[in-house]
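Asks: Quick one: the structure is below, questions incoming.
The values are calculated or read from the model by the stated rules, or taken from the named source; none is laboratory data. Fair warning: this is a prediction, and the values are worked out from it, not measured in the lab. Cβ atoms come from the backbone with ideal geometry, glycine included; neighbour counts cover every protein chain shown. Accessible surface is based on the protein model in full, side chains and every heavy atom, while ligands, DNA and RNA are left aside. Shrake-Rupley method; radii C 1.70, N 1.55, O 1.52, S 1.80 Å.
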Amino acid sequence: MHTNIIQPDVPPFTLAIASGKGGTGKTTLATALAEAAGIPVTLRDCDVEEPNAHLFIQPQWHSHMEQTRPVPLIDSERCTACGACAELCQFNAIAIAGGRSMVFAELCHSCGGCRRICPAGAISDKEVAIGTLDCGTQHKNPAAPINFMQGKLAIGQVMAPPLIRATKQVAANELLNILDCPPGTSCPMITAVRGSDFVILVTEPTPFGLNDLELAVETVRQLQLPFAVIINRADRGDAGVRTYCHANNIDIALEIPWKREIAAAYSRGDSLCDAAPELKGQLHTMLQHLMCREETA
Amino acid sequence: MKVAFSATGSDLDSELDQRFGRAKQFIIVNTATNAASILENTQNMNATQGAGIQAAQNVVNAGATAVVTGNCGPKAFQVLQAAGVKIYHTRQPSVGAALKALLAGELGEANRANVEAHWS
């Protein structure tokens, strides 16, 4: 039994699990960390295009809330077709043709700029459904329940960031906040990791893993977020990732070996902590170090 | 009539660019005076999204009343149609050949987009 790793008066700590490359083990690690913490945690699946942490957490769902995002609604009576909105829009979501404005809502990034710049006050927000925000709890360890939430983008929707922001903004009392982030290094990943106290980049020791790790490292450095690397399936592949990390002064927080039992457990939806109990202690210790590091920083 | 041709180069011998939104540029020909001008499209060639919409907007703003191109997607089509711009699809190899075909009445006016919407 682990002792509590956080003192009650310490502010919440947000740990983002990201990767660059997909399929390196973000969800496996995020769910395992939530279990290994030994204290109540909030786990947020921010991979809204394909949320799958719930398969491992199996929460009891409390609520499924419809989420929307604003797109411009143009009052044709007031619109003078001056084109200010179309000119401002960086996403080509508005055009002026035949003396009237046309909105292509699926291209809109909901920045609200068109509404602000319209000299005729003709633009208002129209809320369109983008998906659901699902909340639940896992009570596997009654002393350390997992407060679970996920964003789930509706089929046909492509703008993930508004739903990721909503998933991050749900209020929670837990002192440890774990984010299972989307892969890649574009807007969804950046929206998910932004504002975190620490980022873990999960990678694999392959040329693909290294290529995408380098992109992810550049991204989190640009965002000025402290980070470390975890190498999954660490006893496979080549030495490229380690060489890169050493050359760039990047901490390797943990190496997880390839094990048939882990793969088998994953395919059943079982947790990493159950499949490789020795890792649970290592993850717990790593969390302790990260959170203490933050305290002394 | 001012006609915008999607083109890979700057003169009438240029290849007719099969892409509308991401065409290299447009050659706008005034069929009454035979005067031609170039409308750059570099920005849209590299746009992350909405290239067709913006290209259509630029063509409309340039005062073209007809477009001759290889392919035109649904969003660009919608903008051009709203502005009353006629659209002609053709496989003619060059801008000059397409112009000749247009003037000879060999090109039929399109009443819908001929390719699907796409993200890149």
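Asks: Of the residues A:108, A:85, which single one is within 14 Å of chain B (Cβ to nearest Cβ), in contact with a Cys (Cβ under 6 Å, 6 or more places away or on another chain) and open to solvent by less than 50 Å² (accessible area, probe 1.4 Å)? So that I can check it myself, show each step before the final result.
Replies: Working: A:108 fails: in contact with a Cys (Cβ under 6 Å, 6 or more places away or on another chain).
Step by step, each of A:108, A:85 is checked, and only A:85 is within 14 Å of chain B (Cβ to nearest Cβ), in contact with a Cys (Cβ under 6 Å, 6 or more places away or on another chain) and open to solvent by less than 50 Å² (accessible area, probe 1.4 Å).
Asks: Which pairs do you get when a residue that is over 16 Å from residue A:207 (Cα atoms), found in the range A:223-250, comes within reach of a residue that is open to solvent by less than 30 Å² (accessible area, probe 1.4 Å) and in a loop (DSSP other than H, G, I, E, B), reach meaning Cβ atoms under 8 angstrom, with the pair 6+ apart or on two chains?
Replies: Matching pairs, first to second residue: A:225/A:196; A:227/A:250; A:228/A:250.
Asks: For residue A:281, state whether it is at positive phi and among the small types (Gly, Ala, Ser).
Replies: Values: at positive phi: no; among the small types (Gly, Ala, Ser): yes.
The answer is no for residue A:281.
Asks: Before we move on, is residue B:79 part of a helix (DSSP H, G or I), in contact with a Phe, Trp or Tyr (Cβ under 8 Å, 6 or more places away or on another chain) and within 30 Å of residue A:156 (Cβ to Cβ)? Working first, answer last.
Replies: Values: part of a helix (DSSP H, G or I): yes; in contact with a Phe, Trp or Tyr (Cβ under 8 Å, 6 or more places away or on another chain): no; within 30 Å of residue A:156 (Cβ to Cβ): yes.
Judged against the criteria, residue B:79 is not a match.
Asks: Would you mind stating whether residue B:117 is in a loop (DSSP other than H, G, I, E, B) and either closer than 20 Å to residue A:94 by Cα or within 14 Å of chain A (Cβ to nearest Cβ) (or both)? Walk me through how you get there before you give the answer.
Replies: On the way: in a loop (DSSP other than H, G, I, E, B): yes; either closer than 20 Å to residue A:94 by Cα or within 14 Å of chain A (Cβ to nearest Cβ) (or both): yes.
Against the criterion (in a loop (DSSP other than H, G, I, E, B) and either closer than 20 Å to residue A:94 by Cα or within 14 Å of chain A (Cβ to nearest Cβ) (or both)), residue B:117 qualifies.
Asks: Further question on the same structure: Among the residues of the range B:87-120, which ones are buried (at least 17 other Cβ atoms within 10 Å of the Cβ) and in contact (Cβ under 8 Å) with a residue 60 or more places away in the chain?
Replies: Of the residues in the range B:87-120, the ones buried (at least 17 other Cβ atoms within 10 Å of the Cβ) are B:87-90, B:92, B:94-96, B:98-99, B:102, B:107, B:110, B:113, B:115.
Residues satisfying the conditions are B:90, B:92, B:94, B:95, B:96, B:98, B:99, B:102.
Asks: Kindly state which strands (runs of 3 or more DSSP E) lie completely within the range A:174-290 and contain at least 3 residues that are more than 30 Å from residue A:159 (Cα to Cα). Lay out the reasoning, then the answer.
Replies: Numbers: elements: A:176-180, A:198-203, A:227-232, A:252-256.
In the range A:174-290, A:252-256 are the strands (runs of 3 or more DSSP E) which contain 3 or more residues that are more than 30 Å from residue A:159 (Cα to Cα).
Asks: Among what's in the range A:88-99 and is touching a residue at least 12 places away in the same chain (Cβ under 8 Å) and at the interface with chain B (Cβ under 8 Å from one of its Cβ atoms), pick the residue that is farthest from the chain's Cα centre (by Cα).
Replies: Within the range A:88-99, the match that is farthest from the chain's Cα centre (by Cα) is A:96.
Asks: Right, here's the next one. Say we look at the range B:48-76 and pick out the residues that are in a loop (DSSP other than H, G, I, E, B) and over 13 Å from residue A:104 (Cβ atoms); which of these is nearest to the other protein chains (Cβ to nearest Cβ)?
Replies: We begin by selecting, within the range B:48-76, every residue in a loop (DSSP other than H, G, I, E, B); these are B:48-50, B:62-65, B:70, B:72-73.
From what's left, over 13 Å from residue A:104 (Cβ atoms): B:48, B:62-65, B:70, B:72.
Values: B:48: 8, B:62: 13, B:63: 13, B:64: 12, B:65: 12, B:70: 21, B:72: 14 Å.
For the range B:48-76, the residue satisfying everything is B:48.
Asks: So, one more: Hey, can you tell me all the residues within the range B:1-41 that are closer than 17 Å to residue B:61 by Cβ, touching a helix residue (DSSP H, G or I) at 6+ places or on another chain (Cβ under 7 Å) and surrounded by fewer than 21 Cβ atoms within 10 Å (Cβ to Cβ)?
Replies: Within the range B:1-41, just B:39 meets the criteria.
Asks: Something else about it: Go through (1) within 14 Å of chain B (Cβ to nearest Cβ); (2) surrounded by 13 or more Cβ atoms within 10 Å (Cβ to Cβ) for residue A:44 and report which single condition fails.
Replies: Among (1) within 14 Å of chain B (Cβ to nearest Cβ); (2) surrounded by 13 or more Cβ atoms within 10 Å (Cβ to Cβ), the lone unmet condition for residue A:44 is (1).
Asks: Please go through (1) part of a loop (DSSP other than H, G, I, E, B); (2) more than 30 Å from residue A:17 (Cβ to Cβ) for residue A:111 and return the number of the only condition it doesn't satisfy.
Replies: In the conditions (1) part of a loop (DSSP other than H, G, I, E, B); (2) more than 30 Å from residue A:17 (Cβ to Cβ), residue A:111 misses (2) alone.
Asks: Moving on. Which residues, taken from the range A:166-183, are surrounded by 19 or more Cβ atoms within 10 Å (Cβ to Cβ) and either modelled with pLDDT under 95 or within 12 Å of residue A:44 (Cα to Cα) (or both)? First the steps, then the outcome.
Replies: Step one: of the range A:166-183, the residues surrounded by 19 or more Cβ atoms within 10 Å (Cβ to Cβ) are A:166-168, A:174-183.
Across the range A:166-183, the qualifying residues are A:166, A:167, A:168, A:174, A:175, A:176, A:177, A:178, A:179, A:180, A:181, A:182.
Asks: What number of residues within the range A:56-82 satisfy the criterion of being more than 14 Å from chain B (Cβ to nearest Cβ) and open to solvent by 50 Å² or more (accessible area, probe 1.4 Å)?
Replies: 13
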